[in-house]
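Step one of this worksheet: look at the structure below.
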Amino acid sequence: MRVSTLFMTRVLAPLSQGVSHRAKLYIQLICLAVTVLIGVADYLAGRDITLAFIYAAPISVAAWFTGPAAGLLLALLSVVLWISGDIAIGLYSGVLITTINGVCRLGFYSVLALALARLGELQRIVERRAEYRAQALARETAERERLEQDMIEISEREQRRIGRDLHDSLCQHLTGTALAGQALVESLLAAQRPEALKARKLVQLVEESIGVARGMAKGLHPVEMEADGLMRALEEFAGTTSEIFGIRCQFLCHVPVLVRPPAAATHLYRIAQEAVHNAIKHGHAQEIRILLDESESGTGLVISDDGEGFPDPLPDNGGMGLRIMADRAKMIGGRFTIARNADHGMELICWLPASPTQREVLYV
Ligand SMILES: Nc1ncnc2c1ncn2[C@@H]1O[C@H](COP(=O)(O)OP(=O)(O)OP(=O)(O)O)[C@@H](O)[C@H]1O
Ligand SMILES: [Mg+2]
């Protein structure tokens with residue numbers, strides 16, 4: 001039972017998928033030829049050896065692959081060949097006995113053919129359903145990935161727009177206010193009025209606000225459109241990170257790396273930003289290195305830290321940073337890996353092949 005089930009599911013089922021009409025015809029002809037050969041062999045084997053069960057093989061194959069009709073026809077042919085062989089070697093035992101034997105054998109072969117034909121059909125239906133579901137699942141996954149990437153791209157665009165607006169409207173407005181305040185300070189000083197000190201303080205506060213607004217605009221729109229924008233943005237980011245968090249965040253770039261297109265540079269910048277924030281927030285790193293390097297084969301961004309490394313197991317806190325970094329890398333046709341460092345901390349690598357053909361750009 002076990003062997004037959006294995007035979008059907010492992011051997012016959014895969015073979016039976018997608019059998020064309022022409023292939024069916026070939027199978028039927030081959031099974032017919034095999035049945036005739038078995039009939040001849042049965043006759044040659046004489047009265048001592050019976051090949052009755054061997055007829056079942058071509059009947060089963062024909063029924064499984066091509067349906068019940070072929071199986072039943074072969075069953076009938078097998079019985080005819082068997083009876084003719086027996087008569088030819090002198091084993092004829094009267095009409096009644098021969099008819100009873102023939103009907104029994106025909107019944108057995110027919111049940112076998114019908115059962116196998118039905119099983120084959122069911123197997124094909126199950127296979128087709130599984131294939132259909134797998135395709136639907138693949139389509140859904142692709143759609144979900146596309147939506148995620150759209151979301152990232154839209155939020156990136158919106159951030160850049162807000163950054164630009166902040167820079168072009170609020171910063172300009174505050175700069176105008178500071179200039180007007182400076183003019184007021186000068187006229188108060190000229191009139192030797194004591195309010196001049198308070199007015200100067202006010203101008204200072206406005207200038208500080210300009211600094212804050214500029215910083216925010218920069219954070220929202222970090223990478224300039226020039227090809228060397230990423231180098232400059234990462235250098236500045238490493239500097240401010242060291243300053244704000246009181247750690248050592250270094251940017252290393254041994255050769256000038258010019259990243260094109262600007263969208264790719266922005267994605268790489270965001271990956272570095274998230275990796276550094278993770279290293280500080282989760283790894284409590286004291287030293288972080290951001291390495292940007294380029295060779296003939298591509299551009300590499302490596303962020304390594306000396307923190308505590310991934311906890312084991314990873315907490316299921318719904319964090320999205322790692323997934324978004326991987327999505328960003330995929331969007332620009334890059335490869336993304338993150339792993340524990342040999343001694344301590346983590347090392348994240350985003351590799352962007354130089355040749356566009358090696359990049360599987362999904363959406364830039
Ligand atoms: N450099 C790192 N050092 C130590 N642990 C890390 C590091 N980077 C990531 N992790 C671990 O991986 C988990 C998932 O990080 P991920 O950036 O996806 O989510 P998150 O930072 O918790 O939340 P989110 O990024 O959505 O604000 C973190 O909770 C942390 O445990
Ligand atoms: Mg994170």
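This table checks each residue for (1) part of a helix (DSSP H, G or I); (2) touching a Pro at 6+ places or on another chain (Cβ under 6 Å); (3) at pLDDT 90 or above; (4) assigned by TED's automatic domain parsing to the domain that holds LEU268.
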| position | (1), (2), (3), (4) |
| --- | --- |
| LEU197 | yes, no, yes, no |
| SER209 | yes, no, yes, no |
| MET231 | yes, no, yes, yes |
| ILE244 | yes, no, no, yes |
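Just to be sure before I move on: is HIS277 over 30 Å from HIS173 (Cα atoms), of a type outside the set (A, V, I, L, M) and within 12 Å of ligand 1 (Cβ to nearest atom) in the structure I sent?
When the stated conditions are applied, HIS277 passes them.
Starting from residues that are of a type in the set (A, V, I, L, M, F, W, C) and not in a strand (DSSP E or B), keep the ones in the stretch 277-292 and report whichever is most open to solvent (accessible area, probe 1.4 Å). Checking each candidate, the answer is ILE280.
Of the residues making up the stretch 250-274, those that are within 16 Å of ligand 2 (Cβ to nearest atom) and open to solvent by 10 Å² or more (accessible area, probe 1.4 Å) are TYR269, ARG270, GLN273, GLU274. May I ask you to verify whether LEU184 is open to solvent by less than 80 Å² (accessible area, probe 1.4 Å), modelled with pLDDT of 90 or more and not in a loop (DSSP other than H, G, I, E, B)? Against the criterion (open to solvent by less than 80 Å² (accessible area, probe 1.4 Å), modelled with pLDDT of 90 or more and not in a loop (DSSP other than H, G, I, E, B)), LEU184 does not qualify. Being in contact with a helix residue (DSSP H, G or I) (Cβ under 7 Å, 6 or more places away or on another chain), open to solvent by 60 Å² or more (accessible area, probe 1.4 Å) and within 30 Å of ALA69 (Cβ to Cβ) is a description that does not apply to LEU202. For the stretch 275-333, which positions are among the charged types (D, E, K, R), farther than 20 Å from GLY239 by Cα, modelled with pLDDT of 90 or more and within 16 Å of ligand 2 (Cβ to nearest atom)? Listed by number, the list holds a single entry, GLU308.
Only a single criterion out of (1) modelled with pLDDT of 90 or more; (2) hydroxyl-bearing (Ser, Thr, Tyr); (3) more than 52 Å from the chain's Cα centre (by Cα) is not satisfied by SER60, namely (3).
In the stretch 313-333, which residues are more than 10 Å from ligand 1 (Cβ to nearest atom) and more than 16 Å from GLU347 (Cβ to Cβ)?
Residues satisfying the conditions are ASP327, ARG328, LYS330, MET331, ILE332, GLY333.
One residue stands out in the stretch 127-181 among those that are more than 37 Å from the chain's Cα centre (by Cα) and polar (S, T, N, Q): the one that is most open to solvent (accessible area, probe 1.4 Å), namely GLN172. One residue stands out in the stretch 327-348 among those that are more than 19 Å from GLY283 (Cα to Cα) and not charged (D, E, K, R): the one that is most open to solvent (accessible area, probe 1.4 Å), namely PHE336.
The values are calculated or read from the model by the stated rules, or taken from the named source; none is laboratory data. Keep in mind that what you see is a predicted model, and the values were worked out from it rather than measured. Glycine gets a Cβ as well: all are built from the backbone with ideal geometry, and neighbour counts include every protein chain shown. Heavy atoms of the whole protein, side chains included, go into the accessibility calculation; ligands, DNA and RNA do not. Shrake-Rupley method; radii C 1.70, N 1.55, O 1.52, S 1.80 Å.
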